[in-house]
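Engineer: Below are the structure tokens for one structure; questions will follow.
Just so it is clear, none of the values below were taken in a lab; they were calculated from the coordinates. Quick caveat: nothing in here was measured; it's all calculated off a predicted structure. When we count neighbours, we look across all protein chains shown, and the Cβ atoms used for this are built from the backbone with ideal geometry, even at glycine.
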Amino acid sequence: MVKAVVLGAAGGIGQPLSLLLKNNPSVTELSLYDIVNTPGVAADLSHISTPAKVVGYLPPDDGLKKALTGADIVVIPAGVPRKPGMTRDDLFKINAGIVRDLATGIATTAPKAFVLVISNPVNSTVPIVVEVFKKHGVFDPKRIFGVTTLDVVRASTFVAEVHGDLGKAPTVVVPVIGGHSGIVPLLSQSSHPLPSGFAQESLEALTYRIQFGGDEVVKAKDGAGSATLSMAYAGVEFTNKIIRAVKGEKGIVAPSFVHLSADKNGGEALKKEIGRDLDYFSAPIELGPEGVVAIKSLGKVTDYEAGLIKTAVPELAINIEKGVSFIDSSKL
Ligand SMILES: NC(=O)c1ccc[n+]([C@@H]2O[C@H](COP(=O)([O-])OP(=O)(O)OC[C@H]3O[C@@H](n4cnc5c(N)ncnc54)[C@H](O)[C@@H]3O)[C@@H](O)[C@H]2O)c1
């Protein structure tokens with residue numbers, strides 16, 4: 001029995017994400033919460049012939065509390081998306097408040113649930129969830145995840161394109177680390193190495209494309225929002241990995257932006273690798289029934305990749321601090 005809850009379920013990401021969760025037969029209950037339209041989305045999805053019982057909730061009548069009661073996994077794509085010209089940080093002010101309030105609901109109603117944060121800027125919204133959980137005395141670093149899977153999915157697709165064979169996309173594995181902004185693809189560790197003689201210039205262009213793939217979509221949508229369908233796919237890829245790990249499957253590894261105390265030894269070793277005492281970083285995480293089992297080492301990186309990490313780290317520190325101080329000044 002798995003109860004999954006989507007907060008922001010009527011949105012551009014929320015709807016396809018809910019559809020894909022409804023398509024997972026392991027999900028037996030699917031709760032959809034948003035400030036608008038969830039009864040309609042839920043009625044629509046409820047006709048699909050898969051096991052999950054789907055219910056939609058709105059804010060009146062304690063809707064958030066009802067949606068969250070008994071939750072095993074909570075996925076949060078609530079918030080405003082990026083418009084052309086906006087950076088992820090521009091979103092901060094609006095989304096920070098939304099995520100804080102939803103996190104308060106989770107901390108009080110479903111503190112043991114796995115929390116998967118999609119709302120941007122992830123590097124700041126994850127610390128917001130953590131600080132809210134700390135204030136309620138229910139913080140468990142093994143259970144709170146920033147979803148960086150879209151960066152991983154893009155890396156797989158773009159590397160397969162370099163190989164001229166999209167058929168490889170589902171099996172290409174590239175560790176993508178750092179943060180969501182401050183994205184560092186470790187292409188030297190790709191399961192499908194780049195062709196020999198791949199020029200440094202091409203490597204840099206590929207790296208840039210993975211880091212700023214979101215901009216391609218924002219531009220192409222021309223004012224209508226940011227990545228939604230690929231994000232829904234990526235969000236459910238990660239959610240399904242958590243569900244498989246909870247059910248006892250061993251050896252599942254996926255990058256995610258986590259609090260580094262989730263694995264004390266692994267976290268300390270990672271801080272040495274990146275050369276800074278950050279509290280959060282996106283690294284390959286081994287998942288188990290209780291969430292984070294281990295934070296993996298970054299392994300051997302090239303000088304170019306080491307340079308990218310060095311550039312990302314100060315930016316990450318600023319993003320993290322922004323989230324922490326938002327809650328400090330929120331008087332919860
Ligand atoms: N992590 C990533 O890789 C990634 C990728 C793309 C987008 N995003 C982020 O995901 C978020 C959602 O994007 P979208 O395109 O789906 O936006 P959207 O505007 O289409 O949908 C957002 C939904 O959130 C709802 N919402 C707003 N306030 C709420 C609240 N207090 N409680 C519950 N629901 C609330 C809205 O009503 C809306 O239905 C944005 O912050 C976006 O930047 C993250």
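Engineer: Quick check: pseudo-label points 7 Å beyond the Cα along Cα→Cβ at residue 310 and residue 1, how many nm apart are they?
Structural biologist: 5.5 nm
Engineer: Assuming a viscosity of 0.692 mPa s and a temperature of 37 °C, what translational diffusion coefficient in µm² per second does Stokes-Einstein assign to segment 181-272, Rh being the Kirkwood radius over Cα pairs?
Structural biologist: 200 µm²/s
Engineer: Please compute the length gained on full extension between residue 135 and residue 171, using 0.36 nm multiplied by the number of residues separating them and subtracting their Cα-Cα distance.
Structural biologist: Answer, rounded to one decimal: 8.8 nm.
Engineer: If you take every residue apart from residue 58 with its C-beta less than 15 Å away from the C-beta of residue 58, what net charge results, scoring Lys and Arg +1 and Asp and Glu -1?
Structural biologist: That sum, taken over residues with Cβ under 15 Å, equals -2.
Engineer: If each Cα of segment 2-146 is one equal point scatterer, what is log10 of I(q)/I(0) from the Debye formula at q = 0.09, 0.15, 0.17, 0.20 Å⁻¹?
Structural biologist: -0.25, -0.69, -0.88, -1.18
Engineer: In whole Å, what are the Cα extents of segment 249-289 along the three principal axes, biggest one first?
Structural biologist: 33, 16, 14
Engineer: On to the next question. Which whole-number percentage describes the relative contact order of the chain, with Cα contacts under 8 Å and a sequence gap of 6 or more?
Structural biologist: For the chain, the relative contact order is 17 percent.
Engineer: Another question, if that's okay. Once label points are set 7 Å from the Cα along Cα→Cβ at both residue 188 and residue 237, what is their separation, rounded to one decimal in nm?
Structural biologist: So the two model labels end up 2.3 nm from each other.
Engineer: When only alpha-carbon atoms are used, what values of Rg and Dmax, in angstrom, describe the chain?
Structural biologist: Taking only Cα atoms of the chain, I get Rg and Dmax of 18.9, 62 Å.
Engineer: Output the 0 to 90 degree angle, nearest 10, between the alpha-carbon long axis of helix 92-109 and the longest principal axis computed from the alpha carbons of the chain.
Structural biologist: 60 degrees
Engineer: May I ask for the net charge around residue 111, where only other residues with Cβ less than 15 Å from the Cβ of residue 111 are counted and Lys, Arg are +1 while Asp, Glu are -1?
Structural biologist: Summing Lys/Arg as +1 and Asp/Glu as -1 gives +3.
Engineer: If you count the DSSP beta bridges with both ends in the chain, what percent of them are antiparallel, to the nearest 5?
Structural biologist: Percentage antiparallel, nearest 5: 45.
Engineer: With the Cα gyration tensor of segment 149-325 giving a ≥ b ≥ c as the square roots of its eigenvalues, does the rule (a/c under 1.5 for rounded; else a/b larger than b/c for prolate; else oblate) give rounded, prolate or oblate?
Structural biologist: The shape class here is rounded.
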